[in-house]
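K.L.:
Structure provided below as structure tokens; questions to follow.
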Amino acid sequence: MEPLYTAEQLAEVKAYHQPRYVASFVDFVLTPLVLALMVRFATRPLWRLSERVGGAVDRLGLKLPTRLWGGTGWAAALAFATLFFGAYGLLDVPLEIGFGYFHEHAYGLSRTSPAVFIVDFLKGKLLFAGAVGALVFGLFGLARRTRHWWWLLGVTASVLMLLSTAIDPYRSRVYVEQTPLTEGSLRERITSLMAKADIDFRDVLVEHTASRSVRLQAYFAGSGPTRTIVLNDALLAALTEDEVLASVAHEAGHVNEPRWPGRLASSGVLVAFLFAVERLFRRAVARGWFGITERADVRTLPVIVLTFTLGLMLGNPVSGAVSREREYAADRYGVALTQDVGAFRAMLVKAARTNKMDPDPPRWAVLRGMSHPPIGERIAALEFLKP
Ligand SMILES: [Zn+2]
């Protein structure tokens, strides 16, 4: 069988990935260090600044947030969270722009204009700031009122995570335009494939990403009656109908994955983490960290973020391993559904070449938590499947 890449292509793919691995390794080492330094040296100065900002906002006399918070001080808390995440995020901005824009353009993977990149970038920051603001106000506001907050919030968040899959189909529309796939043979074949797989869906949409990126993409969003099959325009342009069906069949393989073990595990971990945060609140008062005298003081936020980050670093290898196993299972399912291993292989090869996937990334990068198996191994695994 023809190799995935020529020597020249492989050299280019490696050159694209090499600096990304270096950055990822440096990030892995430096992130906890930077956070620890911020906990130690940035908490007090950022708090002093936040108190001044908060004092100015308090003079506006906004009643609703003061009532919800149970007193003044909410503005200083929000200012502190914004300043902390702002300062922390600022360190990443050069890398985000360097890799997100310049590196992608240098290797012909991105077509985003500077203006669109900046708008997307700011949109992302704004959404993040809104989410952080809501989270900080909700978490600290609730914790100030009741010592039961940690399980109340843990259970509420778990339920919200369940519901959030329902709004999935709408989330990507913040960034890109989607239109229904036109009537015709491809739509008919997708419909009958889904009927064969016994999977409900609402619509097949085309995501218009060609003006931004050359990457091929297919995914299912939502679940049950809101499930949407999303294919991007680059994928439709690059793949034959059989290959498009192969990619849809792979995604269909993810639909019937057992969700509850993962959901229960993440809810359990979340509640345990929030309980640890409650312990941290009490310890901060007992030891008078940063001059804290009351439970649920926002000055504990940097310590919480450090703890959370360390937890993620430990958890990612596990969730990555589970996810990679599921990708293999979805490949096997997809081939069994279409009975066309040739088209499936051709789809993976085209996707790898277009997206410049590394056929054999360094082992540590995989083990750190890659969600997909190395493309070389995925293609090799197909050899063992009987069509
Ligand atoms: Zn997949």
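K.L.:
Please give every one of the aspartates and glutamates within straight-line cross-link reach of K356, meaning a C-alpha to C-alpha distance under 14 Å, and leave out same-chain neighbours fewer than 8 residues apart.
P.N.:
Within reach: E8, E12, E104.
K.L.:
Taking only the alpha-carbon atoms of the range 160-261, what semi-axes of the equivalent ellipsoid follow from 5 times the gyration tensor eigenvalues under a square root, in whole Å, largest first?
P.N.:
On the way: eigenvalues 88, 64, 28 Å².
Sorted largest first and rounded, they come to 21, 18, 12 Å.
K.L.:
So, counting K/R as plus one and D/E as minus one, what does the shell of residues with Cβ under 15 Å around E188 add up to?
P.N.:
-1
K.L.:
Here is a follow-up. Per the Kirkwood definition applied to all pairs of different Cα atoms, how many angstroms is the hydrodynamic radius of the range 42-145? Provide the component values of the computation, followed by the final result.
P.N.:
Numbers: mean 1/r = 0.0634 Å⁻¹.
Kirkwood radius, the range 42-145: 15.8 Å.
K.L.:
Using all C-alpha to C-alpha distances in the range 91-166, build P(r) with 5 Å bins and read off the rounded percent in each one.
P.N.:
The percentages, shortest bin first, are 3, 13, 14, 16, 12, 10, 12, 10, 7, 3, 1.
K.L.:
May I ask for the longest run of the chain untouched by GluC sites (Glu not before Pro) that are loop-located per DSSP and have at most 13 neighbouring C-beta atoms (other than their own) within 10 Å?
P.N.:
Result, exposed sites excluded: 1-176.
K.L.:
Another one. Working only with C-alpha atoms, what are the Rg and Dmax values of the range 299-338, expressed in angstrom?
P.N.:
Cα radius of gyration and Dmax of the range 299-338 are 17.1, 56 Å respectively.
K.L.:
Kindly give the semi-axes, whole Å and largest first, of the ellipsoid equivalent to the range 254-345, taking each as the square root of 5 times a Cα gyration tensor eigenvalue.
P.N.:
Working: eigenvalues 399, 30, 13 Å².
Here the semi-axes work out to 45, 12, 8 Å.
K.L.:
Going through the range 49-81, which trypsin sites (Lys or Arg not before Pro) have at most 16 other Cβ atoms within 10 Å and a DSSP loop state?
P.N.:
Counting only loop positions with at most 16 other Cβ atoms within 10 Å, the trypsin sites (Lys or Arg not before Pro) in the range 49-81 are R59.
K.L.:
Right, something else. From the P(r) of the chain, could you give the percentage of C-alpha pairs in the tail past 31 Å?
P.N.:
Tail of P(r) above 31 Å: 48 percent of Cα pairs.
K.L.:
Roughly how tilted is helix 301-338, in degrees to the nearest 10 and between 0 and 90, from the longest Cα axis of the chain?
P.N.:
20 degrees
K.L.:
In whole Å, how far is the Cα centre of the range 194-232 from that of the range 56-88?
P.N.:
41 Å
K.L.:
Gap in Å between the Cα centre of the range 249-299 and the Cα centre of the range 147-187?
P.N.:
Going from one Cα centre to the other spans 21 Å.
K.L.:
Ranked from the most accessible area to the least, with a 1.4 Å probe and all protein chains present, what is the order of H148, H254?
P.N.:
In descending accessible area the options line up as H148, H254.
K.L.:
Here is a further query. Any idea what angle helix 149-171 forms with the longest principal axis of the chain, computed on alpha-carbon atoms, 0 to 90 degrees, nearest 10?
P.N.:
40 degrees
K.L.:
For a test of the definition: using alpha carbon positions, the gyration tensor, and the 1.5 limit on a/c, classify the range 72-213 as rounded, prolate or oblate. Walk me through the numbers before you get to the answer.
P.N.:
Numbers: a/c = 3.39, a/b = 1.35, b/c = 2.51.
Here the range 72-213 falls in the oblate category.
K.L.:
Right, another one. Considering Cα pairs under 8 angstrom that are at least six residues apart, work out the relative contact order of the range 42-145 and quote it in whole percent. Before the final figure, lay out the partial values.
P.N.:
Details: 59 pairs, mean separation 35.7, N = 104.
After rounding, I find 34 percent.
K.L.:
May I pose another question? Taking the Cα atoms only, what angle lies between the long axis of helix 7-41 and the longest principal axis of the chain, rounded to 10 degrees?
P.N.:
Approximately 10 degrees, to the nearest 10.
K.L.:
Taking only Cα atoms of the range 298-387, what ratio of Rg to Rh do you get with Rh as the Kirkwood inverse-distance radius?
P.N.:
Ratio of gyration radius to Kirkwood radius: 1.16.
The values are calculated or read from the model by the stated rules, or taken from the named source; none is laboratory data. Predicted, not measured: the structure shown is a model, and the values here were computed from it. Because the Cβ atoms are built from the backbone with ideal geometry, glycine has one as well, and the counts that use them run over all protein chains shown. In case anyone asks, the SASA skips ligands and DNA or RNA and just uses the protein heavy atoms, side chains included. Shrake-Rupley method; radii C 1.70, N 1.55, O 1.52, S 1.80 Å.
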